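The values are calculated or read from the model by the stated rules, or taken from the named source; none is laboratory data. What you are looking at is a predicted structure, and each value in this text was computed from that prediction instead of being measured. A quick note on method: Cβ atoms are made from the backbone with ideal geometry, for glycine too, and the neighbour counts reach across all protein chains shown. For accessibility, only protein heavy atoms count, side chains too; no ligands or nucleic acids. Shrake-Rupley method; radii C 1.70, N 1.55, O 1.52, S 1.80 Å.
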Amino acid sequence: MDLLAPLAGWLTDWLGPSGPLLAIGFLGVAMILLALPMLFAGPKDPLDRLRERQRDQTLAQEKQERLRRPQGKDKLEKYSTFLEPKNEKEYSATRLKLLQAGYRTRNAVRIYHFAQFALGLGLLALGLIYTLWLAAVSEEPLGTTQLLLYTIGPGAAGYMLPRYWVTRRQAARQEAITNGFPDSLDMMLVCVEAGQSLDQSIVRVARELRSGFPDLADEYELVSWELKAGKDKILVLRDMAERCGVPDVTSFVTVLIQSQQFGTSIADALRVYASEMRDKRVMRAEEKANTLPTKMTLATMMLTVPPLLIILIGPSVYEIYTVLGGGVEGAQGGGE
């Protein structure tokens, strides 16, 4: 008590009569503030960890269900019986064609047939309106051929336009896959020889090909996702060959399946097949180069022969015209 008396007197002189009580209060608050970090940093209760784990699992399941759930309501779903083909073979053929064109959505077939139906009816209505306006303006009645051409022609063109677009998109995508496939095999061979597995090499090739060949990169990425999901590798590779629709990819898938079944080295199979694909690409380039002169013959004749004839025969024709014109004028003068 004798040691605390000077301290109490100093606090009383500095803070007033309630100085010792204020000092004790400040000391208690400081001790609480110092104890709070230690309390929060302490080990968690096992029940709290269990609750957090259950909450994380629930959130992950809700996220997966939200991703699997279709985004928005499909307005064409109630017309699916009218828009989608009833024949399973026809539906499968259309679905495969759209897949090879790069349209993988669940309702791609439905949208494709709706586009045909909508464009056909829309352009048919426009053609009918144009025909009625032309019949009202024209003084002479339109013939049957003109009526059919102006009315049914736009409707038929609108109906065939989506099919033409998908066919062109399919051909362009297959050409892009064919051009980039040899480079992808070289990259895959480098990855396999570096010690990576086939699955890892496919993931790396898909990442590296994204800038140059996005269509082929999408196929490799889809293969990697299906392999990660646990799908059979042989079935995944066959689905890839079917989606691409390119003979080179189909042959490559056959080589990989046979290599896996017979237990041979994948690196050796990739090395041989990559060399063949490089040679095949050079042969395709040479073939296009050899057919170029034949394709340029018509353009050369149309753009070169007429100017050459004008240069060679033009002066002679002009002189003949001048001579004949002078002779006619002389004969007319002598007659007068």
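Shown in residue order for the stretch 301-312 are the 3J(HN,Hα) couplings computed by the Karplus curve 6.51 cos²θ - 1.76 cosθ + 1.60 at θ = phi - 60°: 5, 6, 9, 10, 5, x, x, 5, 5, 5, 5, 7 Hz (x for Gly and Pro). Are there any trypsin sites (Lys or Arg not before Pro) in the stretch 205-253 that are in a DSSP loop and have at most 14 other Cβ atoms within 10 Å? List them by number. Taking the stretch 205-253 and a limit of 14 other Cβ atoms within 10 Å, the loop trypsin sites (Lys or Arg not before Pro) found are Arg210, Lys231.
In this rough spin-label picture, where each label sits 7 Å from Cα along the Cβ direction, the Ala125-Lys280 distance is 4.9 nm.
Relative to its Kirkwood radius, the Cα radius of gyration of the stretch 181-336 gives an Rg/Rh of 1.56.
Evaluating kT/(6 pi eta Rh) at 20 °C and 1.002 mPa s, with the Kirkwood radius of the stretch 250-319 over Cα pairs in the Stokes-Einstein relation, gives 128 µm² s⁻¹. For the residue pairs Lys231/Lys288; Lys86/Lys288; Lys89/Lys288; Lys97/Lys231; Lys233/Lys280, the alpha carbons lie more than 32 Å apart in Lys231/Lys288; Lys86/Lys288; Lys89/Lys288. The stretch 160-210 and the stretch 235-265 have Cα centres spaced 13 Å apart. As a ratio to 2.2 N^0.38 Å, the alpha-carbon radius of gyration for the stretch 82-232 is 1.58.
With a cut-off of 8 Å between alpha carbons and a minimum separation of six or more residues, what is the relative contact order of the stretch 145-231 in percent?
Details: 44 pairs, mean separation 19.7, N = 87.
Relative contact order, the stretch 145-231: 23 percent.
Take the solvent-accessible surface of the protein heavy atoms, probe 1.4 Å, and return the percent of it on the stretch 108-181 that carbon and sulfur atoms account for. Ligands and nucleic acids excluded, carbon and sulfur give 72 percent.
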